[in-house]
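Take a look at the structure set out below.
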Amino acid sequence: MLRIATIGTSPITSDFIEEVNACGDAVFVGTLSRDAGRAQAFTSERGGTHPFTALEDLATSSEVDAVYIGSPNALHAEQALACIAGGKHVLVEKSFAANEHEARRVFEAAEQAGVVALEAMRPLHDPAFVACRDAMAKVGRVRRASLHLGSYSSRYDELLAGRHTNIFDCEMASGALMDMGVYTVEPMIELFGAPDEILAAPVLLDESTRDLTHGALDGAGEIIARYPDKLVTLHWSKISNDVLPSQIEGEEATLTFAGTSEPEWLRIKYRGTVTRSSAKQARTTGEPQIEERQLDAVENSMVFELADFVGAVEAVRGGTSALEAPAGTFGTVAHFRDVTLASLAVMDEARRQMGVRFPVDAR
């Protein structure tokens, strides 16, 4: 049985605990909050027994085997390092850290300590995304792809009303890329590897908000990623709704799927045989074949990342090295580490081009 504590009292942390409580191989111990009353209430309401108000107490607790870190991005690295120093396995909410440098510190510490450090990146542990990956084999040589994710955030309304929110704050290493765009960057890295170069363009939040955001911050944006044989474009937003599906264009067929973070369905349209009928027209003979598939859905997709994390820890307990421990369909803990680091390298460069800087970048 894996005894899990959490850091943070956000809705996503609550969703995670819901899956822990439903899992037969894990148990929720308690949560950490600087507010003692909040820690007690949040813990007891979800069946925990040990609320924490100090990171050191959590990191050294003999009642805890692993920690889910659901705090703001800027706090992830230092909290993870403290937990690892206490011998705890860590599952860190996306984005894993504020930047690649901070993430490397965590992964190096975890390797030395022999514990699992894994990013809670939902789609890469979801069988529905695996189905999309497998369907790519039918499209032929990929030439272009576009990954979309955009959802208007209620926190943007808070910002427009003149109220601070951690979701739009450079000091918290947040913003649309770090919160939403990461769900397009990491699937790109998983599917295609790291690009040769990128070009990033943001929609920056209005300058009038910068007293609250503590600097320039993106509300939406796009990345063009160049590979030797293809282009991939990424589209993200927290200030508008993106209703387009994601698309992967091959020479033989085009794959589309809805819901980049939680794929709902996929569709493959084969091109058929193309003939030239005149100098100005190209036609496809016959009806192009179409395959459509509704993907299995669950109410809370955090169930998959939790299962893979628990499985990795159990493998380590059985004698497997932490880096070699299997962590789901796509590979080992080491594989997911490499995806996280490559993704943060892309996001670091994108932020550099966009003019978005976090205080933690100066470390």
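Quick one: pull the percent of accessible area on the chain belonging to carbon and sulfur, 1.4 Å probe, ligands and nucleic acids left out. Could you put the intermediate results ahead of the total?
Working: 7460 of 15750 Å².
About 47 percent, which is the carbon plus sulfur part of the accessible surface.
Taking 25 Å as R0, compute the FRET efficiency from the Cβ-Cβ separation of Glu251 and Gln294 and round it to 0.05. Kindly include the intermediate steps, with their values, before the conclusion.
On the way: r = 26 Å, r/R0 = 1.06.
Once the sixth-power term is evaluated, E becomes 0.40.
Quote the Stokes-Einstein diffusion coefficient, in whole µm² s⁻¹, for the chain, based on the Kirkwood radius over alpha carbon pairs, a temperature of 10 °C and a viscosity of 1.306 mPa s. List each step's numbers first, then the result.
Working: Rh = 21.4 Å.
My calculation gives 74 µm²/s for D.
Give me D for region 1-85 in µm² s⁻¹, whole number, from Stokes-Einstein with Rh from the Kirkwood sum over alpha-carbon pairs, 25 °C and 0.890 mPa s. The partial results should precede the final answer.
Working: Rh = 12.5 Å.
Estimated via Stokes-Einstein, D reaches 197 µm²/s.
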(message) Multiplying the sequence separation of Gln353 and Arg104 by 0.36 nm and subtracting their Cα-Cα distance, what value in nm do you get?
(response) 87.5 nm
(request) Can you check how the C-alpha radius of gyration of region 86-210 compares to 2.2 N^0.38 Å, as a plain ratio? (result) 1.27
(request) Please sort by residue number the GluC sites (Glu not before Pro) in region 289-338 whose DSSP state is loop and whose Cβ has at most 16 other Cβ atoms within 10 Å. (result) Glu299, Glu324
(request) Express in whole angstrom the spacing between the alpha-carbon centres of region 214-256 and region 125-192. (result) 9
(message) If each residue of separation counts as 0.36 nm, what is the full-extension length gain between Ser44 and Thr273 once their alpha-carbon separation is subtracted?
(response) 76.1 nm
(request) Take peptides 153-164, 96-107 and line them up by average Cβ neighbours within 10 Å, highest first, as a rough protection proxy. (result) 96-107, 153-164
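Calculate, for the chain, the solvent-accessible area per residue in square angstrom, rolling a 1.4 angstrom probe over the heavy atoms of the protein chains. Can you show the working numbers first?
Values: 15750 Å² over 363 residues.
Per-residue value: 43 Å².
Report the per residue volume, in Å³, of the convex hull enclosing the C-alpha atoms of region 126-267. Mind dumping the intermediate values first?
Values: hull volume 14.4 nm³, N = 142.
Roughly 102 Å³ of hull volume per residue.
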(request) State, as an integer percentage, the relative contact order of region 193-262 based on alpha-carbon contacts under 8 Å between residues 6 or more apart. (result) 23
(request) Calculate one ³J(HN,Hα) per residue across region 35-47 by plugging θ = phi - 60° into the Karplus curve 6.51 cos²θ - 1.76 cosθ + 1.60, and present them in order as whole Hz with x for glycine and proline. (result) 8, 4, x, 5, 4, 5, 5, 4, 5, 5, 5, 10, x
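With the cut-off at 22 Å, tell me which of the pairs Lys88/Lys238; Lys94/Lys230; Lys230/Lys269 have Cα atoms farther apart than that. Walk me through the numbers before you get to the answer.
Numbers: Lys88/Lys238 33 Å; Lys94/Lys230 27 Å; Lys230/Lys269 19 Å.
Table pairs above 22 Å Cα-Cα are Lys88/Lys238; Lys94/Lys230.
The values are calculated or read from the model by the stated rules, or taken from the named source; none is laboratory data. It should be emphasised that the depicted structure is a prediction, and the values quoted were computed from it without experimental measurement. All Cβ positions, even for glycine, are placed from backbone atoms using ideal geometry, and neighbour counts span all protein chains on display. Areas reflect the complete protein model, heavy atoms only, side chains present, ligands, DNA and RNA absent. Shrake-Rupley method; radii C 1.70, N 1.55, O 1.52, S 1.80 Å.
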